[in-house]
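One structure is given here, and the rest of the page talks about it.
Values quoted throughout were computed directly from the atomic coordinates according to the rules given, and no laboratory measurement underlies them. Everything quoted here is computed from the prediction, not taken from an experiment. Reconstructed Cβ throughout: ideal geometry from the backbone, glycine too, with neighbour counts over all protein chains shown.
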Amino acid sequence: MNNNHFSQFQPIAAIATTPQGAKILQPLAQSIKATLHLPKSVNWTEEALQYHESTRKHLTSIWDKHKAFIFCLATGAVIRLIAPLLQDKSRDPAVVVIDAEGRFVISLCSGHQGGADKLAQLIAQQIGATPVITGACSSLGLPAIDILGVPYGWRKGEGNWTGVMGTIARGESVEVIQEVGSTLWQEHLPDRHPFYFGFAESSESITPKARIWISPTKRRFNPDSNLPKVQWHPRVLWVGIGCERGTSKKLIEKAITTICQRYHLATEAIAGIATIDLKADERGILELCNSWNLPLRTFSAEVLKQIEVPTPSKVVDREVGTPSVAEAAAIWAIKNSEFALGSSFKSAGLSGTRTKFESQPLGNPPNGLPRKIQNCYLTDALLVPKQIFKLANEPGAVTVAVAQSAREYTGRIGKLYLVGIGPGNIEQITPAAKTAITEADAVIGYSLYTDLIKSLFRPGQIIESLAITQERQRAQRAIELAQWGLTVAVVSSGDCGIYGMAGLVLEELQTNNWDGKTPQVQVFPGISAIQAAAARVGAPLMHDFCAISLSDLLTPWNVIKKRLEAAAIGDFVTAIYNPRSQKRTQQIIIAREIFLQHRHPHTPVAIVHSAYRQEEQIDITTLEKMLDSSIDMLTTVIIGNSNTRNYANWMITPRGYLGFDRQT
Ligand code: SAH
């Protein structure tokens, strides 16, 4: 099975030194694609890598080759084994320890940057254990500051990270000055948090003990300052480049770093490079993008020439057919990065200047220009007008301009997890669905459901609850976040593909010309109300069955009626979803009449209200009397077939139609 929740940790080594430990790790290793390492002394016949040397020696030989280690060993032994191998927290692998009974998963080392906290939580969901996370931020329900920007592709700048995290752990106030980038993280903090947004000087009552900058500016901090400071750089800078054929990477690099220094911009804040399509094969540019790990965006002269720029050039126009390359490409790259999201991106969640363009459908790169291009507002975003660079001993010449986009480039391919969370009890969610929810950067669902799965959330996760009626908005919002690069879990009760969000999200994606791959979509099945209700009353679905929703919100009533008749005539066991709402009261009455035309009045009927929830209520009755029971929107009604019987308050549909089918 494709269990890609663990891909960020690969390669993973799972190490045990006893048969009991191997037994705990083996199924886990198999499911998450880790390699099981065992000493030769362990008598083991299943798949594993068995080593002859001491565990210490073996670990030393594989340490640098793995991103994560899972031990089933005493924590003391693990500490002694890894101690000589640890270097620093920006490089050490994640280390997780599971106890010999598989009840606890301890995040032992590299909790934040190595991801051990997240890994421990994911494994815990997978094996039904309790994660043990001891980091201070986690216990306060706060996102860890040294990985705060990771979901949004921000890059870390210099600073005193230990100092700032110590301040947070002590519960002292921390000033946050966020100039660019998504503010989503601010909106999803717990009620009590230490952050003060904006300069605290204006308020007399607060004396911040640390400061976090979120900015494209590179700040040099005095290492002796009493106030620990750190900086994150959201990737909002698009560097436009024009150059002569054959310009070297060295010259281009020099030009960009010089501009960044001159304007105090962090190279970490660079989102990508933009230029004219004629330069798509320019070696120097390609080499630079490759070594700096930056995307290259190229645009045609037709597009570029229509963009108003501060410094157009007739010479350039004559040569390549547009009066500007560097400035126009930088400006257009910004516009282009906004295309990916459509127009309805919640501006509150993404700070910065909004561009005033109309948006185009997702997945459709702009080949024509919107009519508004002539009075382009985007020139406001040009941070650095074009500058020309040459170097004495380097061939060529390069012009560089920098524009700042309202929204950061995440550099990530988004994922959409469409997750069914079962009927309403945490025990009824599959481990795969739990892992998906815990892994996601953002979870979107109806508030009742997000409440039900609270225990699966990690500190710092974006949880967006929307009203039950706003299903389409929920789907659109999820797509927008995924298009931007986040991993988004959309949760539905029961199964997400049965009257749930999966269809809505896929429909919306189709409307947006989705290519079927980006964002990636994975569907996680859940126990649907029909199965939950059936399980609570016995075995009513033992023969052919169907489900019919009585909601005429999206389906015309005459279609629903036709299906009821067909199900009744076909002698299907029939589960009725959405049987009655406050406004819609007649449909269930008519449904019963239809069934009475084809089935005996004594046909058993189960009325199951809130299966597996605290308010669960169950009636086993008959077609004749079913309306005496209370039926509402939290009820599933199961009508038996002509053979279904009620025995000692259990509902049983025989396996076949041969009377008492004693073969099964
Ligand atoms: N995706 C869901 C169905 C959503 S439609 C699923 O697969 O279960 C909503 C309807 O589902 C409700 O009107 C009710 O008929 C049924 N339902 C959902 N949860 C239920 C529960 N816990 N007990 C009984 N019926 C339930």
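Summary table below
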| read-out | value |
| --- | --- |
| Label-to-label distance, nm, for residues given as residue 554 and residue 193 (7 Å Cα→Cβ offset) | 3.3 |
| Burial order of peptide ranges 511-520, 397-406 (average beta-carbon count within 10 Å, highest first) | 397-406, 511-520 |
| Size of charge dipole - region 7-134 - debye, nearest 20, with Cβ of Lys, Arg +1 and Asp, Glu -1, no other charges | 140 |
| Relative contact order computed over region 543-601 (Cα-Cα under 8 Å; 6+ residues apart), in percent | 41 |
| Residues in region 219-251 that a label on residue 257 would reach, taking backbone N under 16 Å of a point 7 Å out along Cα→Cβ | 248-251 |
| Relative contact order computed over the chain (Cα-Cα under 8 Å; 6+ residues apart), in percent | 9 |
| Sites residue 217 and residue 162 - FRET efficiency at Förster radius 25 Å, r taken between beta-carbons, to 0.05 | 0.65 |
| Against the rule of thumb 2.2 N^0.38 Å, how large the Cα Rg of region 191-276 comes out | 1.51 |
| Point-charge dipole on Cβ atoms (K/R +1, D/E -1) for region 449-600, about Cα centre, debye to 20 | 380 |
| Sequence-separation-based contact order of region 519-661, relative, with Cα cut under 8 Å and 6+ spacing, percent | 29 |
| Kirkwood Rh in Å, taken over all unlike Cα pairs in region 373-490 | 17.6 |
| Additional length obtainable on full extension of the chain from residue 42 to residue 562, 0.36 nm per residue less Cα span | 180.7 nm |
| Ordering of 615-625, 117-127 by packing [mean C-beta count within 10 Å, highest first] | 117-127, 615-625 |
| Chain lengthening between residue 101 and residue 658 when straightened (0.36 nm per residue, less Cα-Cα) | 195.7 nm |
| Helix 587-596 vs. the chain, principal-axis angle (Cα, 0 to 90°, nearest 10) | 40 |
| Convex hull (Cα only) mean projected area of region 145-233, reported in nm² to one decimal | 5.8 |
| Within the chain, helix-based [θ] at 222 nm, where runs of 4 or more DSSP H residues each add -39,500 (n - 2.57), nearest 500 | -8000 deg cm²/dmol |
| Charge sum, other residues only, whose C-beta stays under 9 Å from residue 298's C-beta, Lys/Arg counted +1 and Asp/Glu -1 | +1 |
| Förster radius 45 Å - calculated FRET efficiency between residue 136 and residue 250, Cβ distance, rounded to 0.05 | 0.50 |
| Solvent-free Debye scattering, log10 I(q)/I(0), computed from the Cα coordinates of the chain at q = 0.07, 0.11 Å⁻¹ | -0.61, -1.17 |
| Region 512-572: radius of gyration over Cα atoms, expressed as a fraction of 2.2 N^0.38 Å | 1.59 |
| Charged-residue dipole, Cβ positions (Lys, Arg, Asp, Glu), the chain about Cα centre, Debye nearest 20 | 820 |
| Violating pairs (Cα-Cα greater than 19 angstrom) within the set 314/335; 33/65; 562/625; 218/254; 279/386; 254/390 | 314/335; 562/625 |
| Rounded if a/c under 1.5, otherwise prolate or oblate - region 530-652, Cα gyration tensor axes | oblate |
